[in-house]
1. Take residue 215 and decide whether it is surrounded by 15 or more Cβ atoms within 10 Å (Cβ to Cβ) and assigned to a helix (DSSP H, G or I).
2. Looking at (1) modelled with pLDDT of 95 or more; (2) under 20 Å from residue 471 (Cα atoms); (3) under 21 Å from the mean Cα position of the chain (by Cα), which one does residue 327 not meet, given that it meets all the others?
3. Could you list, in sequence order, the residues of the stretch 475-493 that are in a loop (DSSP other than H, G, I, E, B) and either in contact with a helix residue (DSSP H, G or I) (Cβ under 7 Å, 6 or more places away or on another chain) or within 22 Å of residue 552 (Cβ to Cβ) (or both)?
4. Restricting attention to the stretch 120-143, report how many residues are in a helix (DSSP H, G or I), within 26 Å of residue 58 (Cβ to Cβ) and in contact with a strand residue (DSSP E or B) (Cβ under 9 Å, 6 or more places away or on another chain).
5. What tally of residues in the stretch 271-306 results from selecting those that are part of a helix (DSSP H, G or I) and closer than 12 Å to residue 244 by Cα?
6. With a cut-off of at least 2 residues that are out of contact with any strand residue (DSSP E or B) (no Cβ under 9 Å at 6 or more places or on another chain), name the helices (runs of 4 or more DSSP H) lying wholly within the stretch 629-715.
7. Do we have any residue at all in the stretch 494-504 that's outside the structural domain of residue 606 (by TED's automatic domain parsing), out of contact with any helix residue (DSSP H, G or I) (no Cβ under 8 Å at 6 or more places or on another chain) and part of a loop (DSSP other than H, G, I, E, B)?
8. Looking at the structure I just gave you, is residue 669 in the same structural domain as residue 597 (by TED's automatic domain parsing), buried (at least 19 other Cβ atoms within 10 Å of the Cβ) and at pLDDT 95 or above?
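The values are calculated or read from the model by the stated rules, or taken from the named source; none is laboratory data. Model, not experiment: these values are computed from the prediction. Ideal geometry is used to build each Cβ from the backbone, glycine not excepted, and the neighbour counts take in all protein chains shown.
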């Protein structure tokens, strides 16, 4: 491909953008989480799902403070004055983050207290306070306290003989202000709410047909503090929790053992500095000042939660067995070409590439079946796999272990640096090693984020490789709620590249050129830039040109610069970006041909799809790609990622149909405006179910239309 001056060879080819040409990454992410919160506010969302979105909003924000705010605070302490992409110093970003978060917390509290809590009560689900209880219920709660809480609780006083206690990350505590009978000086004590016990206790009085009635453990303990501090006067109770920095520095270059380094990081993270103190409404001023002083925080690190302190504790409420208050239940459909469970899977793949779409189609009946079949097939010689976020995928791990124990060569690259999944990944890596699997722990300086599985099989006509390239992790849990795509193929143009890539991951291969795959950090950014520039050339030559990109996040400066140039040349561009987006769409003279949308709903949009019209007369003859990478600097420069071209025509048709559905959706889609704000679309039909429900219906129809017994016979 030719390189046109002004796009790739200009002084801006290093990706330099002025602050006015891009949005702040952190504030754009907070705008995404605000869209998540809207799902709880939106009365069209089923009631218990609204409860869950309150929890998801809080969980997202917790991780944001641990990672992003923690990193910014570390920069401030180190005296770093470098500026963000939009020109803000770390201190200025922290101030802007606080200003954005406070209204969201107030909105979350209003949603819960004014809308969701009363709606739950109307459905017979009562989240009670002590004053709501009947005498019989109070006796039940008092007995629950004596039997289940009192022996577990450990009240800790703070005085010259008792130092301030360690506070674990995101743990819930009560700050108790006490007075001794012989002294007017207030005393502080901390009571930790047990993490292994449910925060919401169901009140069971034995009454037949009684509605769901719950009381929080925080309320129960608060009402029984006299039992914990007999003889003392309880002056006030202030619930609080702390957030610790998870952005711990590591020096991989000097590490002799990456596994040991990550284990050490996990230990350090437990004692990392506190970056946020949250407390309940109307705190005792003396207690709050005491906590701020002891934790060495500033007032800017303190956040008041006007209602609940931790909405993730509401997950058991969202899990109540009340299907009429939830999304319609869904069992993933078996992909039509895999309908015959007895058919030879490798024959199916040889008959043509197979594209699967989770969670609409079954992960167990496609990906897990692929690995399980390979483990059991005597013709299979080797299995190779990359594992990023494993989760509790025991069936997958068992298949790999059985394959190794049967003598097959099994190699797994387990990424130990997958943030917040390190401990589980370490566990599975050790279990696989015990079974004889060759386990590798990633590459120094890079995260291995690609989703690849390869099976080497001795077919009747020779040795052949079969691969699965995915957009999501090999994780059974997330496959039920994340939308992801996977391509099964045995095309040699793809499999030859995958063989070379695994040699790079497990050995010392320095190969950096690939014939078919787009591989980061080697050729992916360059290839994407060339694909964008090709659309500019086509448009200028009067040929059809268009770009569609679907991803989680967008902030790579070189990609943004190239997209701006393509827009200025007249190329129509649609970007479906679920999370944060630093590109500014719809700006006259710069990006008026770029539209950015975000789809939020029942499932978490996780698939990455890239489309380039490539001058073709028919849309579906353009170039389609799927893979693991977003258009972010970290994905393109500091991770091992793979994006694969989709050559199979039925698969292309399916991807085009999916993109059309996403772009035309009027129920779950938000349009990004030039100022960075988002506006949710409103369908003409108030009963429009949205794109996720439409895709569920299509998957159901496709499965019902599949011929019995499948379409491919075993060899």
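1. Numbers: surrounded by 15 or more Cβ atoms within 10 Å (Cβ to Cβ): yes; assigned to a helix (DSSP H, G or I): no.
No: the conditions fail for residue 215.
2. Every listed condition holds for residue 327 apart from (2).
3. Going through the stretch 475-493, the residues in a loop (DSSP other than H, G, I, E, B) turn out to be 475-477, 481, 490-491.
If the condition is that a residue be in a loop (DSSP other than H, G, I, E, B) and either in contact with a helix residue (DSSP H, G or I) (Cβ under 7 Å, 6 or more places away or on another chain) or within 22 Å of residue 552 (Cβ to Cβ) (or both), then 475, 476, 477, 481, 490 are the ones that fit.
4. First pass over the stretch 120-143, keeping only residues in a helix (DSSP H, G or I): 120-122, 130-132, 135-143.
Checking which are within 26 Å of residue 58 (Cβ to Cβ) leaves us with 120-122, 130-132, 141.
Checking which are in contact with a strand residue (DSSP E or B) (Cβ under 9 Å, 6 or more places away or on another chain) leaves us with 120-121, 130, 132, 141.
Result for the stretch 120-143: 5.
5. Step one: list which residues in the stretch 271-306 are part of a helix (DSSP H, G or I), which gives 285-294, 299-301.
Within this subset, residues satisfying the condition of being closer than 12 Å to residue 244 by Cα are 301.
Residues that pass the stated criteria total 1.
6. On the way: elements: 633-637, 649-664, 691-705.
Qualifying helices (runs of 4 or more DSSP H): 649-664, 691-705.
7. no
8. On the way: in the same structural domain as residue 597 (by TED's automatic domain parsing): yes; buried (at least 19 other Cβ atoms within 10 Å of the Cβ): yes; at pLDDT 95 or above: yes.
When the stated conditions are applied, residue 669 passes them.
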